[in-house]
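Reviewing the structure listed below.
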C-alpha cells in the first residue's frame, strides 16, 4: 500500500491551499488510515512473529479495533465521507472511497469480526507452524475486504475483490504440500476467480453503458442500464460473480472444502466477511440492476441454495463442514432477501448479514475451541461437554438459538423479517420454501448445540481453553443484545435503504403471517430433531444415489479433462524431439508467410525463369554474382560435410563471402562488422570442436529425402514471398536520413553510423543487452556443469 | 523475372532449414547461423539500390542506409544467439555423450 501513503503525503502537502478543502482532506485522511492499518499490520506481521507467538494476534486485534473505531467515530462526527484522489485520470479511474451507511455496516462487520478473530488466533495459532504467513494473509484480507466495501470506483472495487479471492486462496492452501489443502485452495481460486472475471466483464459493460467508472454515477443510472441492450448480459455476469463469491448453487462446492484452513480463517473469511462480499454487491447494485429478471434469476437460486445447504448441514458429521453447509444455506437466505427487492427484504438481508456474521462467527469459534480441546471433529463422537467447557457451551447455546431463529435472539428478528418479505412477495412458493429452509436450520442448529454439550459425556477428558471461549462468548452476548436492542443498528440499516424508508423490527411487533411461518418452521424443525439420525441416514442414501450428478462431479470432470488435454497436448507437441519442433516451426512460419499470398495479384512467380543480375550489368554486378554463387556453395558444404571441422570452416567461408557481398552492395560498415563477427564465431566454434570428444557427424539417410523435400518447399515458398515484396519495397523512409541537414544536426557524414548512434541508440542498447544476456546465460550453464 | 538476389535468399533459407533438420547438434547450430545470415542478406537486398555507400556528400545515388543500420544490429545479435546455442549444444553433448539430438534424454519430459 505504498500508493496510499503516497497519496496521503500528497494530500497533506495540498491541504494548506484552501481552508475548506483542508478540512475535508483531514477527514478523508482518517478514512485512508482506517483502510491502510490492516495492510500495515500485514507487512509487519512476519516481524512481529519473532517477538513471540502471540504478539501478531494481539497487534492484529489492535489494528482491527483501531480501524473499527475510526470508522465509527468518523461516521458519528462527519456522516458521509468521500475521498477522491486521481489515480489513472487518462482512463477515468479514480482512487475513490465512500463512507455511507451501507459501507459503514459492512465495514464494521469486517473490522470488528477481524479484531475478535485476531484475538482468538493469538491463542489458537500459537502452536501452529504456519502462523507467520497466516497473519500476513489475514491482514491482507482484512484490508482488501475493507477496500472492497469502501471503494467508490468500479475498477478499484474489482481490484480489492480480486485481492480477497487471492488471500482466501493463500489461506486455504496454508498447509503447503498437503494434497487436500492445495486441492481445496485451487477449487476456491478457480470458482471465485471465474466469478472475478464475470464481475470485471459486468463492470466494463456497465461502465460502457453509463460512460463512467464512478460508482455513484453508475448507481444513479438504473433506468439507463435496464433499458440498454447490454442489461441481460450485465445482470447474468453479475449474478455469476455473486453466486461464485457467496458460495451459491451451483458454485457452492468450494466452501465445504475450504474448511481445511485453520478455524479462524473459516470463521472470518468463510462465514463472516469474504462470502458476504457477494451479498454486499447485491445490496449495492440492487438500485441499478433490479427488474423482473433480477427476481426471476436470483430468487429460485437463493431459496434453492438455502434448502440444499440445510439438507447438507443435517447430513454432514464434521463440525466445520456442518457450519460450512449452514453458511451456504444462510447465504442463500441473504441472496433471496435481496432478490425480493423490497424495502423489507433489503432490511431483512442487511440485518441478517450482521446477525449471521455474529452467530456463525461464534459457532465457528466454538467449533475451533472444541477441536482444540478434544482433538476430534466428528460430531457423532462428541457429547456432554457442558461441564468441561461451560463458557463455550453458553456461547454455543446463544449462537445456535439465534441461528435457529428463537426469540429473543438477533436471528429471530431478521428471520421474521425475511418470512414477512417472502409473504409480501405474493409468490406462493417463496414462503413455503422459506419455511422449509427455516425448519432445516432450526433442526441442525439445535442438534449442533445439544449433541456437543448436552446428553451423555463422550470424547476424552478436556480442559476448556478460556482464551478461545471468551471471543465466542462475546459474540454470543452480541447475538442476544442485537435481539433485545435492534435499535442499535436498524437506524444505520434504514439509512442504507432508499431515502425515507424505515426498517425497524422489534420483539414487540408481531406480524401474523410471519409468526405463523415461524411456528410452522419450528414445528418442522422439532419433527426433524425427533428423527434426526433417521433423517441423516435417509439424506446420505439420497446423496449416494445422486453422486453422479453433483456440481462436484462436474468440477472434477472439467479439471480432470483440462489436465488430461494439457498433458496430451504437451506429449504431442513437447515430445523432446528437436526435429519435431523444427518441423512444426517451419510449417507454421511457412503457412504464415504464404497465406497472405493466396489471392496472387499477378505477382511474378517462378514461371518466368530468366534469372537477372541485380542492377545494370557491370564489373561490380558480375563480381557480386560470382561471390553470391560461391556463398551458396559454401553454405551447402556447411550443411552436408561429414567432418565437423570442415563444416564449420565452410560456414566461416560463407560468412566471409557474405562480407564481400555487403562490400559490393555498398555497405562497408556491414562488411567490416561481418568480418569481425565471423572471426569471433570461428574462434568459438573451434574451441568447442577442440573440446568435444565426438567430431564426426553421423549421416542420417532415412530422413534425407523428406528433409530435401522440405528444403525445396522453402526455396519455392521464399522465392514466392520475397520476389514481389522486393520489387515493391518503399524506401522513402530512408530519404529522411539522407537529407542535407544531417551533417549540421549530428556532425557525422557516415549515415549508417549516424543512424546507429544518434537516431536508433536504443537498438544498440538492446543489442548490447542481448550479448550480455547470452554471456550471462553461458556462464551459468558452464558453472552449473562444473559443479556437476 | 526473378532476380538473382531472390534466388540466393531462398537458397540460403532452404539450406539453413536442411541443416537445422539434421539431427546433429552442431549442424543445427550451423543451420541457425546460416539462417541469421540469410535474414541479413534478405534485408540488405530489400534496400538494394544506388551505386555508392551512404555517405553524405558522396557522388552518385547512395544505397539505403536504414536497412544497413538494422542489419548492423542484427549481425551482432546473430553472434550472441549462435554463441549461446553453441554453448547449449556443447553442454548437452558432454552430458548426454551423443551429438544426436534424438538421443538427448533430458529434453524428453
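Brief remarks on what is shown
- Test for residue B:29: is it assigned to a helix (DSSP H, G or I), at pLDDT 80 or above, more than 7 Å from every other protein chain (Cβ to nearest Cβ) and crowded, with 23+ Cβ neighbours inside 10 Å: yes
- For segment A:593-621, residues that are modelled with pLDDT of 75 or more and away from every other protein chain (no Cβ under 11 Å) total 1.
- Pairs where the first residue, in segment A:674-697, is at the interface with chain B (Cβ under 9 Å from one of its Cβ atoms) and the second is at pLDDT below 85 and assigned to a helix (DSSP H, G or I), C-beta under 9 Å, 6+ apart: A:691/B:94; A:692/B:94; A:693/B:94
- For residue A:545: the one exception among (1) surrounded by 14 or more Cβ atoms within 10 Å (Cβ to Cβ); (2) more than 16 Å from residue A:443 (Cβ to Cβ): (1)
- Members of segment B:1-26 found to be closer than 20 Å to residue B:101 by Cα, at the interface with chain A (Cβ under 7 Å from one of its Cβ atoms) and part of a helix (DSSP H, G or I), listed by number: B:15, B:17, B:18, B:19, B:20, B:21, B:26
- Checking A:217, A:230, A:206 one by one, the residue that is touching a residue at least 60 places away in the same chain (Cβ under 8 Å) and farther than 23 Å from residue A:554 by Cβ is A:206 and no other.
- Residues of segment A:658-673 classified as surrounded by fewer than 23 Cβ atoms within 10 Å (Cβ to Cβ) and in contact (Cβ under 8 Å) with a residue 24 or more places away in the chain, total: 3
- Search result, residues across segment A:741-756 that are more than 7 Å from every other protein chain (Cβ to nearest Cβ) and surrounded by fewer than 22 Cβ atoms within 10 Å (Cβ to Cβ): A:741, A:744, A:745, A:746, A:747, A:748, A:753
- Index of the failed condition, residue B:43 passing every other in (1) at the interface with chain A (Cβ under 7 Å from one of its Cβ atoms); (2) more than 30 Å from residue A:692 (Cβ to Cβ): (1)
- If you check A:664, A:637 for being at pLDDT 90 or above, more than 9 Å from chain B (Cβ to nearest Cβ) and out of contact with any strand residue (DSSP E or B) (no Cβ under 8 Å at 6 or more places or on another chain), only one passes: A:637.
- One residue from B:57, B:80, B:87 being at the interface with another protein chain (Cβ under 7 Å from one of its Cβ atoms), without any contact (Cβ under 8 Å) to a residue 12 or more places away in the chain and on the phi > 0 side of the Ramachandran plot: B:57
- Filtering segment A:391-450 to residues that are on the phi > 0 side of the Ramachandran plot and surrounded by fewer than 21 Cβ atoms within 10 Å (Cβ to Cβ) leaves only A:426.
- Residue A:447 falls short on exactly one of the conditions (1) over 35 Å from the mean Cα position of the chain (by Cα); (2) not in a helix (DSSP H, G or I), and that condition is (2).
- Residues of segment B:59-90 that turn out to be over 23 Å from residue A:655 (Cα atoms) and surrounded by fewer than 17 Cβ atoms within 10 Å (Cβ to Cβ), as a count: 3
- Selection of segment A:236-253 for residues being crowded, with 23+ Cβ neighbours inside 10 Å and assigned to a helix (DSSP H, G or I) yields A:238, A:239, A:241, A:242, A:243, A:244, A:245.
- Test: residue A:507 is away from chain B (no Cβ under 14 Å), part of a helix (DSSP H, G or I) and either at pLDDT below 90 or surrounded by 15 or more Cβ atoms within 10 Å (Cβ to Cβ) (or both): no
- Any hit, segment A:380-390, residues being touching a helix residue (DSSP H, G or I) at 6+ places or on another chain (Cβ under 9 Å), touching a residue at least 60 places away in the same chain (Cβ under 8 Å) and within 25 Å of residue A:503 (Cβ to Cβ): no
The values are calculated or read from the model by the stated rules, or taken from the named source; none is laboratory data. The structure presented is a predicted model; accordingly, all values stated were derived computationally and were not measured. Glycine gets a Cβ as well: all are built from the backbone with ideal geometry, and neighbour counts include every protein chain shown.
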